[in-house]
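First up is the structure itself, then whatever we jot down about it.
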Amino acid sequence: MVPEITKIESVEFAYPIEDVGTDQHGFNLVYEPGEVTERKLFAIKIHTDEGTTGEYVGGNSPGAAQINTFADYLVGKNPLDRERHWSEIKRALRKYDRMGIGPIDIALWDLAGKYYDAPIHELLGTYQTKFPAYASTYHGDENGGLETPEDFAAFAEECHEMGYQAFKIHGWGGSEGSRDLDRELETARLLGERVGGRMDLMHDPACELETFGDTLKLGRALDEAGFFWYEDPYRDGGISQHAHRKLRQKLQTPILQTEHVRGLEPFTDFIDAESTDFVRADPEYDGGITGAMKRVSVAEGHGLDVEFHAPGPAQRHCIAATRNTNYYELALVHPDCPNTQPPVYEGDYSDMIDTIDENGMVEVPEGPGLGVDYDWDYIENNATGSVHVYE
């Protein structure tokens, strides 16, 4: 019997993150004692006539708006025809960034795993079941948490003692002009001195730096400190092929781009333009597990490594089926406040800072589908009232 989708549900819910606020612009999450930030996510359920349900928690409001445009198409269809659905929805969303595909495609993979009673990584083809994580920090703050270069260096040493093999900075960016650049430069130097050679070091300004000149200055400091990669440095938004090709020509530190390059074809063009060294993939951003694994194959064909953005069970399954990758991003971490993980997992799944083993490794969930169980009571009790049902 071929299964058929009978109903799709999307529920928005909110949860608090304690001791976390935003910087002066209101965009970057930073440590702020006593502050509570409310975050909103979406919980997806895809029901079928034979009883199997695909689930995923994640996404954002713009993506949910896109789901509203194509969910009716899926009702009545075979949920196992993921490649056909991916192609049709990709075309339907051709005027948009297509980020609505991700949560639905992940839920379809979860459904397939439950249907075949196998974890997603086995359906993809398992390469590894354990892999190293890197500690990926909150942005630098002005509140006594990660306020100084010494704070970052001390935290890197603490993470190394926990078992982490790699450490990534999200710094202060360009918000305070030369003072912030000076802190960025000093942080790079100090980390190189304190943990260089013991940890792989990464820097991600998150497109904060305001000029190509500042980007070069920081990049040269990373060269001297022996950093592993330099990611999304300045305000082109992470999408200019020309600018990053020029940057690569002037630096030794490898560039990591394409987190903000939407679509498989522009992603491929970015590689072919020789504008990056490592590439990014994210099952939520890049068309689900289907789209993310297409990026893996394109990168492998070019002889490049693909690094998955952000933590989560979908990312773990993708990494478990990928040879050409190095680390799992454990984000966001801080010495004084929790990760942004929503409190929706039943059982022992965790992306908090202490989830690694003594060697800095994490494991892929081994249950059917995503291998995680969601706390639907918490989700429903914290629903915002934004509920969509398609049937």
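Couple of notes before you dig in:
- Spans of helices (runs of 4 or more DSSP H) in the stretch 96-180 with at least 3 residues in contact with a Ser or Thr (Cβ under 9 Å, 6 or more places away or on another chain) and not small (Gly, Ala, Ser): 101-116, 149-162
- Test for ASP354: is it closer than 18 Å to THR137 by Cα, open to solvent by 40 Å² or more (accessible area, probe 1.4 Å) and in a loop (DSSP other than H, G, I, E, B): no
- If you check THR48, THR37, THR6 for being β-branched (Val, Ile, Thr) and farther than 20 Å from HIS388 by Cα, only one passes: THR37.
- One residue from LEU41, LEU29 being within 19 Å of GLY287 (Cα to Cα) and of a type in the set (A, V, I, L, M, F, W, C): LEU41
- Qualifying residues in the stretch 73-95 (those that are free of Cβ contacts under 8 Å to residues at least 40 places away in the same chain and in a helix (DSSP H, G or I)) - the one farthest from THR290 (Cα to Cα): TYR73
- Selection count, the stretch 163-175, where residues are modelled with pLDDT under 55 and over 16 Å from GLY219 (Cβ atoms): 1
- Of SER275, SER297, SER386, SER350, all but one fail to be at pLDDT below 95 and among the polar types (S, T, N, Q); the exception is SER386.
- Restricting the stretch 371-391 to residues that are of a type in the set (D, E, K, R) and closer than 27 Å to PRO119 by Cα, the residue that is surrounded by the most Cβ atoms within 10 Å (Cβ to Cβ) is ASP375.
- Per-region count, the stretch 74-89, residues in contact with a helix residue (DSSP H, G or I) (Cβ under 8 Å, 6 or more places away or on another chain) and either open to solvent by less than 30 Å² (accessible area, probe 1.4 Å) or farther than 11 Å from LYS7 by Cα (or both): 9
- Pairs, first within 14 Å of TRP172 (Cβ to Cβ) in the stretch 136-159, second among the small types (Gly, Ala, Ser) and crowded, with 16+ Cβ neighbours inside 10 Å, C-beta under 6 Å, six or more apart: GLY140/GLY171; LEU146/GLY140
- The stretch 303-325 - residue that is open to solvent by less than 10 Å² (accessible area, probe 1.4 Å) and not in a helix (DSSP H, G or I) and, of those, farthest from THR276 (Cα to Cα): GLY312
- One residue alone among GLU300, GLU265, GLU274 is over 23 Å from HIS121 (Cβ atoms), open to solvent by 40 Å² or more (accessible area, probe 1.4 Å) and either in contact with a Cys (Cβ under 7 Å, 6 or more places away or on another chain) or not in a loop (DSSP other than H, G, I, E, B) (or both), and that residue is GLU265.
- Test: residue in the stretch 62-72 that is aromatic (Phe, Trp, Tyr), at pLDDT 95 or above, assigned to a strand (DSSP E or B) and open to solvent by less than 70 Å² (accessible area, probe 1.4 Å): no
- Verdict on LEU209 being in contact with a Pro (Cβ under 6 Å, 6 or more places away or on another chain) and within 22 Å of GLY21 (Cα to Cα): yes
- Among the criteria (1) surrounded by fewer than 22 Cβ atoms within 10 Å (Cβ to Cβ); (2) touching a strand residue (DSSP E or B) at 6+ places or on another chain (Cβ under 9 Å), the one LYS250 does not fulfil is (2).
- The residues of the stretch 203-221 that are surrounded by 24 or more Cβ atoms within 10 Å (Cβ to Cβ) and within 15 Å of ALA153 (Cβ to Cβ) amount to a single one, HIS203.
The values are calculated or read from the model by the stated rules, or taken from the named source; none is laboratory data. None of these values were measured; they are calculated from a predicted model. Glycine gets a Cβ as well: all are built from the backbone with ideal geometry, and neighbour counts include every protein chain shown. Only protein heavy atoms, including side chains, enter the accessible area calculation; ligands, DNA and RNA are left aside. Shrake-Rupley method; radii C 1.70, N 1.55, O 1.52, S 1.80 Å.
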